[in-house]
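Student: Here it is, the structure, as structure tokens.
The values are calculated or read from the model by the stated rules, or taken from the named source; none is laboratory data. Quick caveat: nothing in here was measured; it's all calculated off a predicted structure. Heads up: the accessible areas ignore ligands, DNA and RNA and are worked out on the full protein's heavy atoms, side chains in. Shrake-Rupley method; radii C 1.70, N 1.55, O 1.52, S 1.80 Å.
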Amino acid sequence: MNNTIGSIENELNRKFIHISSTIFPILYFLLDHIYFLTILILSSTLILFINFTFPKYLNKIPFISQIIHGVLRNYEKTSMWGASYMLIAFTIITIFFPKNIVILSMLITSLSDSIAAVVGIKYGKIQLINSRTLEGSFAFFITSYILMYFILNTNQISE
């Protein structure tokens with residue numbers, strides 16, 4: 001494991017948060033484009049506010065500090081968090097792409113990446129690049145393929 005990835009417990013906590021981001025594609029499935037985009041913009045603004053005020057103010061509150069430090073990677077403690085990048089990316093793709101592609105992209109980000117990380121950490125033996133494993137990469141591919149098959153073959157999700 002390289003120094004950008006924390007303990008297995010921290011990584012599993014991160015992946016739980018990652019999986020919980022499936023709330024966004026579920027909301028988009030249920031909501032109108034403008035309402036959903038409004039929620040994303042507000043969520044992005046909130047996470048950026050928390051991200052940039054955390055080192056100076058929120059870090060001094062023990063309860064909040066303990067929770068946030070438990071899921072941050074070392075480099076995120078002094079820069080933008082992965083969650084901030086994710087919400088900004090969700091906002092951008094929602095503006096530019098059709099609903100079914102956006103939902104699929106969000107699900108791949110939330111689920112495939114998390115499953116790949118857990119499989120790679122637990123079963124990974126063949127190292128590739130940056131602590132990634134062949135087994136985790138295979139899990140990512142299979143999960144993404146299954147998601148693509150179901151999302152792109154349904155007519156229920158459209159713009």
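Student: If Y149, Y35, Y28 are ordered by their accessible area, calculated over protein heavy atoms with a 1.4 Å probe, which sequence runs from highest to lowest?
Tutor: Y35, Y149, Y28
Student: Okay, next question. Report the accessible area of I47, computed with a 1.4 Å probe over the heavy atoms of all protein chains in place, in Å² rounded to the nearest 10.
Tutor: Spelled out: I47, probe radius 1.4 Å, area about 30 Å².
Student: On alpha carbon coordinates alone, what is the Rg over Rh value for the stretch 100-140, Rh being the Kirkwood radius?
Tutor: The Rg/Rh ratio comes out at 1.08.
Student: Now, a different point. Taking amide H positions as placed in the peptide plane 1.01 Å from N, state which residues far from T133 in sequence (5 or more) or on other chains have amide H under 5 Å from it.
Tutor: L128
Student: Can you put R14, R132 in order of accessible area, largest first, using a 1.4 Å probe?
Tutor: Sorted by accessible area, descending: R132, R14.
Student: Among the lysines, which fall within straight-line cross-link reach of K99, defined as a Cα-Cα distance under 25 Å, with same-chain neighbours fewer than 8 residues apart omitted?
Tutor: K15
Student: Please list V118, V102 from largest to smallest accessible area, probe radius 1.4 Å, with all protein chains kept in place.
Tutor: V118, V102
Student: Sticking with this structure for a sec: Expressed in nm to one decimal, what extension gain is obtained for the pair I126 and I101 from 0.36 nm per residue of sequence separation less their Cα-Cα distance?
Tutor: Full extension of this stretch gives 5.8 nm more.
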